[in-house]
Every structure is written in C-alpha cells, then in structure tokens.
Amino acid sequence: MTSLRRLHHAVRTRLANERGSVVASMAFTVFTALTLTAIVASVIASLAATTSTTSQAALNVKASQSQDAYVNALIHRTPVPGDRTCSGVLCTQITAGSTTDGVQRLTIEGQIGDKTPSSRTSTLRQTKPTMISGYDSLGNPVWSSQGDSTPYRFTSLTSRSNSSCAIDGAGAAWCWGANDQGQLGDGTTNTRTAPVKVQGSATFTALTAAGNTFCGLADDGKAWCWGDNDHGQLGTGSTTTGTDSTTPVTPTGDHRFSALFAGPTTTCGIDTDKKTWCWGQNPGNATPDPAAEPTAVAGSHEFTTLALDASTACGLDADGKIFCWSNATTGRTGVDPAPAQGTPTEVTGGRTYTAVKAANEDRADVPSLLCAIDTGKKAWCWGNNDAGQLGNGSTAESLVPSAVTGNHDFTTLTVSPSAVCGLDAGGHAWCWGDNAQGQLGIGSTSDAKDPAAVTPDTTYTLITAATGNSGSFCALTSDGAARCWGANAYGQSREGSTAPVTSPNPLGSFKALRSLSTGSGFSCVTDARNETSCWGQNDVGQTGNGASTATAAPAPAARQPFTPLPFTGYQKGGK
C-alpha cells in the first residue's frame, strides 16, 4: 500500500470511526487522491492555529512536483478564513468559524482545475480538542487528545517566602505562588497556582531570590530583577513607594555579571572583571547610605561568593579571607568593635575559609547570624545566639567568629535565624540551636547548644532550611530521596499530621532527586527527568499544582498545556 493510500485510509478511518474527536457533518467521499491530499493538508494547516503538532514530519506522500508545491504552500502559510489558494492543478478554499456553542468548524472546498472542473466540499466540526502527535511506522497519523498535557521540566529551582521560580531547558523563567509585589514577573500581581512564564525574552542561566524579589542572570551576563523594590534592590535608581516591578527590569549601567546574590534588602553581583557591585539597603560603599542602583563595593576585593541577610553582607575572596559590612545596628560583621558603617572589614581571627553563609532572615530588626567553614573544615559562627545557634555551648552573643564545638569536618552549612545544620565529610547531619518545632531532627524538642546528630543516622548530599524563621529543614539522602523535619502546620514535614516532626521523615517515593528548594512552609524538588513536585503550605498556590489547598503529599506541578505550533513542513517519499 502506498504512503498516500495509507494516509487516505487513516483519515477516512478517523472520520468514520473516531467521531469523538473530529466528525464530518456530511459524507466524506474520496473523489481523487489529489483532492484528498489537498483537503488533509488544508485541515492540518488550518487546525494548527488551535491544536498542537508535536511531529514535524507529516503527509508522507508520493506525489508530483506540482502537487508538492501546492501542499508545501499550504503548509508554510497561515490560512486566512475564506481565502482561496490555487496551484496549476487545483484550488482550495478554507472557511473557518465557530458554532453557537463555541466549537471550531472548518469548511474545505477542493476543486480540480482540469478540462471538466469538479469540486467537493466537506465541513469538519471539531467536537473535542485534538492534535496530531506523530506518525506510526506505516505513515498513519497518530491522534491524541489535546488534554494530554506535558509536565514542566526545570533545570533549576528557587523558592523563597511564598513563591518559586524555575528555569526550563530553553532558559525561560517560570514562577508560581504569591504575587502581591509582582515577584512572579508575569506583568500582574495576581496569585498563580500553576507556573506562569516570566515576561521578556531573556535567556536565563541562574536565579537568586530573597523575600519578594527575584533576579535572573541572563546568558549575556545581564542582570534582570523583578518584584519588591522597597529598598532599591531592583537597581533601577528608584525606591519610591510603588516602584515594585511586575516584569523583569535590568539595573542601571551596562554591567556584565558572572554571579548574582539576593538578600532581603540588598542585591549584589560579581562582574566578569571580578568586581563586586551592590544595590539596595546595604551596598558596602563605605557610607551608611543605601544605593538604588549598582554601586561598587569599597576596596579592591575580588570576591568569589557572597552571603547576605537583611542587615549584613559578607564576601569570601580568592585568598579565603572574609570581609563583612553593614549599615544597620543589627548587623554583625565579625569584628568587635563594629567598623564604620558600610565599610568592608576582614572578620577577626586571620583564618582562611572555604564558605560563608548568612541566615535567610527577612527582618532587619533581628541581629544577624553568620557561619563559615575554614580550610580545616571547622565551623565558626558569630552574631545572635539566643537559642544556642552559635553551637559553642552557650547562649551568649559573639560579635566575632566563635568555634563550633566538636571535632566535626563540615563540608556545608545551612543557617536559619535560630538553628543551624551542617553536613560532615561523611554526609552525616548535625544541627544545633532552637528546637521548639523539632527542627534539629534529634528526636526531641529540646534545644541544643552544641552540634547534635540528626537521627536516625543517614547520609545526605544536601540540606536546606525553610526561609525566614519557619522552623523546619529538608534534605536529600545519598540515594536522592527527600526527608523533612520540624514545623508541620501545613504538612510540610509529614503527610497526615500537623504535629511537629522531630526526626527526618521520608516525603514521597522519590529516588534520584536532583534539587531541593524550600520556602516558608513548603518545599519543591526536581527529579531526574527535571519534573517538579511540591508539598506543604498552598494558600496562594505555593506548590504550583493548580490548586490552593494545603498539599501534605508531594504533588507534581500543574502540567503544561500544549501551545499551538504552526505546521511547518512535510516529508516526501514512501513506497
């Protein structure tokens, strides 16, 4: 059977036997193979405006050059309802419209331009959204419902407060959740319970966020920020009330960055020349004044990473030195007495470090808490210690780095305002500080002033704290499973209960998870297929599953509806 006859048979069978998707309102008589091909091509080309074609190979037919040219012309154009297109062989007219119930209807008339013109007209009525998803091994079209949507696939994920943003494989950013300050970047302040695309044409390589501000690093090195601008953290030169941005804006100046870092009141970037620029409440410009546009951090520092909270900023340079600055009385710069406001100063002790972390605290009225890991893998913390979060056996505040007790070789630390957790070289988790919600994961709700082992003992690769002082932690095990513990008012740590969870609890049946990000009362993960699932608080769509009720069990993000694509080509050939 030729490819054309196979296509002929498939279309006729489709119209006759699968009336649930597309039915002919009058008898569909096959009068010539040529006219059938034209009608099929016309239908596919016209329906491309409202349905999706996931395979670009189409109409695998064997035909004359004139027919090829005609069909190709139909395929590579956008049909205008009621127009007429002709080749030297035939003419086709397409009339499109909708019935009173809103269903799309097409009328296709094919006329053979020979000595005895003849024509046939068929009206196709779309009673169920349909699409062509591909062709089988015999060249027959394979149909499926347009409702067969696809999952979003994200390569990176960032959650903060009550919103999340992620980057897909093409570099586009998508966000969901709370949007009261435009932090979803979709041009509105409407809450979104499912991922919505961030406006603009930037191709992003990384995202950073704090509070209700998100920033993305584009592939050309430009920074784009959106959302809250109360402190000038968008970098546009304005902090006037009402200057939040619901769409991405680029900070003033033609800067090209290699990395971006967001804090609740300040945003910073390291440019391609290794110079650091900050904008917002605490720019580090050797003055107590904020800056509403990028300002060079004082000194000739070449920082490799930064840590920011609401009142303190610290940078780790290429030599392993940590320099901190603050223009707030609650700032903790690791120096006693505190240096001049806004002036980067090396923390006391003369040690070299490999990492520095700040508590993800959005409140500037709370004293800062910062921790670092030195080159010998020992942890040091300074600042607020009202619950023993310095891990030095006391509750006395320390303005300079204080050694965390115990002989632990830490590789990573996660700092919340009142509790700290770290992973040692063997992947074992240790936590200290406030434990009122069981957030230390030690099987009780007793505070710990020294590092305590998270139980039961498991090896982890990543650990993260809920943003703000929300009282929970989540981690990824060495085999890629998710476990959470601590506060559980929204089921963010255990399904079927709202009681605090004092030991790590498995969430879902995940394996080989690639990333984990935590907001104030919810968490999201991406798996090996880059598909996203979230759970926990969901009153403003934080879990992205299309609903607004708490989701204790991990649920996939709402699936992506098919976006109509133009039908752009066909493949000639066949037996």
FRET efficiency, Ser509 to Ala547 (Cβ-Cβ, R0 22 Å, nearest 0.05): 0.55
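Find the Rg to Rh ratio for region 160-296, where Rh is the Kirkwood radius over alpha-carbon pairs and Rg uses the same atoms.
Details: Rg = 13.7 Å, Rh = 14.4 Å.
A ratio of 0.95.
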Gyration tensor (alpha-carbon) shape descriptor, region 414-536, a/c threshold 1.5: oblate
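Please give the length that would be gained between Thr411 and Gln199 if that part of the chain were fully extended, namely 0.36 nm times their separation in residues minus their C-alpha to C-alpha distance (nm, one decimal). Present the calculation step by step, with values, prior to reporting the outcome.
Working: separation 212, 0.36 × 212 = 76.32 nm, distance 3.78 nm.
Answer, rounded to one decimal: 72.5 nm.
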Simple spin-label estimate for Thr455 and Asp219 in nanometres, 7 Å along Cα-Cβ: 5.1
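Between the DSSP loop rule and a limit of at most 10 other Cβ atoms within 10 Å, which chymotrypsin sites (Phe, Trp or Tyr not before Pro) in region 160-263 are left? Each step should come with its number before you reach the end.
Numbers: sites: Trp174, Trp176, Phe204, Phe214, Trp224, Trp226, Phe257, Phe261; in loops: none.
Sites meeting the loop and neighbour criteria: none at all.
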Extension reserve of the Ala403-Thr240 stretch, reckoned as 0.36 nm per residue once the Cα distance is removed: 54.4 nm
Gain on full stretching of the segment that runs from Lys377 to Asp254 - 0.36 nm per residue minus C-alpha separation: 40.4 nm
Whole-number percent relative contact order across region 375-514, with pairs defined as alpha carbons under 8 Å at least 6 apart: 18
Where labels lie 7 Å past Cα in the beta-carbon direction, separation of Thr395 and Asp365 in nm: 2.1
For region 406-559, with +1 on Lys and Arg beta carbons and -1 on Asp and Glu, the positive-most of Phe410, Gly427, Ser523 along the dipole: Ser523
Pair Ala425, Asn190: separation of 7 Å Cα→Cβ label points (nm): 5.5
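Quick note: the coordinates plus some simple rules give every number you see, no bench work behind them. As the structure is a prediction and not an experimental result, all values here were calculated from the model. Neighbour counts run over all protein chains shown; Cβ positions are idealised from the backbone, glycine included.
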